[in-house]
1. Within region 104-124, count every residue that is among the hydrophobic types (A, V, I, L, M, F, W, C) and in a helix (DSSP H, G or I).
2. Among the residues of region 1-22, write down those that are out of contact with any helix residue (DSSP H, G or I) (no Cβ under 8 Å at 6 or more places or on another chain) and under 25 Å from A82 (Cα atoms).
3. Just to verify a result, which residue in region 154-205, among those that are touching a Leu at 6+ places or on another chain (Cβ under 7 Å), of a type in the set (V, I, T) and closer than 30 Å to K115 by Cβ, is surrounded by the most Cβ atoms within 10 Å (Cβ to Cβ)?
4. Give the residue, chosen from V51, V87, V17, that is at pLDDT 95 or above and in contact with a Phe, Trp or Tyr (Cβ under 7 Å, 6 or more places away or on another chain).
5. Within the set of pairs 6 or more residues apart or between chains, which connect a residue that is surrounded by 13 or more Cβ atoms within 10 Å (Cβ to Cβ) and modelled with pLDDT of 95 or more inside region 23-45 to a residue that is polar (S, T, N, Q) and not in a helix (DSSP H, G or I) with Cβ atoms less than 7 Å apart?
6. Under the condition of being hydrophobic (A, V, I, L, M, F, W, C) and touching a Gly at 6+ places or on another chain (Cβ under 8 Å), which residue from region 62-112 is surrounded by the fewest Cβ atoms within 10 Å (Cβ to Cβ)?
7. Out of E144, E200, report the one residue that is more than 21 Å from the chain's Cα centre (by Cα) and acidic (D, E).
8. So, in region 1-19, of the ones that are in contact with a Gly (Cβ under 9 Å, 6 or more places away or on another chain) and part of a helix (DSSP H, G or I), which residue ends up surrounded by the fewest Cβ atoms within 10 Å (Cβ to Cβ)?
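The values are calculated or read from the model by the stated rules, or taken from the named source; none is laboratory data. None of the values given here were measured: they were computed from a predicted structure. No Cβ is skipped: glycine too gets one built from the backbone with ideal geometry, and neighbour counts run over all protein chains shown.
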Amino acid sequence: MTKLLVIETSPRGEHSVSRNMTRRFVQEWLAAHPGGEVIERDLLNAGLQFVSAPWLQAYFTPAEQLSSEMAKELQLSNELVAELLAVDHIVIATPVYNYNVPALLKAWIDHVVRKGLTLGFDGRGLVTGKKATVLIASGGIYTEGSPIQDRDIATQYVRLVLGVIGISDVTFVAGRGAKAVDLGDETMERFVEKLGAEIERAASV
């Protein structure tokens, strides 16, 4: 059975452009993969903690030497890694805050980039044979020729991290100029519909 992991990050619910892009993506993915399984991970409800001293102590302790407290520190991280490794396709939906990804997405990344699990001790990525689609909603427009073209840090960062853990088959669907929806210059439905062909192509592979 083909499996899709959906990572959601926006706190805006129905008013989130990235979440509405996700809804369209999942609809198209299910149409292209009858019988496929969708696993949803909403980072707002995941209980994610930012990296702390106790977490790092557990991280650097050999598995056979972990205390029960250390094992508890890594429990959610282990779950997130297992979730990632078990699927064929991952879709990350994210807004852009100050040119980069939200702190919660960075926290998820810190939990799943794990030496010996997703990253080899030789620096090679272990998460191979998977596809990724990144749905990004940004107020800014970073296309070639834009005066803020060099500020597209979120795309560069996510592509880099996915490549580090071994995922090189990555498609980006960019909802640029999403502030038009907030300003009432465009409806949510119309904004997402304009991205429909790109989303359908990304979902059908």
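1. If we filter region 104-124 for residues that are among the hydrophobic types (A, V, I, L, M, F, W, C), which is where we start, we get 104-105, 107-109, 112-113, 117, 119, 121.
Narrowing further to those that are in a helix (DSSP H, G or I): 104-105, 107-109, 112.
Number satisfying all stated conditions: 6.
2. Across region 1-22, the qualifying residues are M1, T2, K3, S18, T22.
3. I165
4. Details: V51 fails: in contact with a Phe, Trp or Tyr (Cβ under 7 Å, 6 or more places away or on another chain); V87 fails: in contact with a Phe, Trp or Tyr (Cβ under 7 Å, 6 or more places away or on another chain).
Just one listed residue meets the conditions, V17.
5. What qualifies is F25/T133; H33/T2; G36/T2; L43/T9.
6. Start the filter on region 62-112 by keeping residues that are hydrophobic (A, V, I, L, M, F, W, C), which leaves 63, 66, 70-71, 74, 76, 80-82, 84-87, 90-93, 96, 101, 103-105, 107-109, 112.
Filter once more, keeping what is touching a Gly at 6+ places or on another chain (Cβ under 8 Å): 76, 96.
On the way: L76: 15, V96: 24.
Ranking the qualifying residues of region 62-112, first place goes to L76.
7. Going through E144, E200 in turn, the sole match is E144.
8. Looking at the filtered set, the residue picked out is R19.
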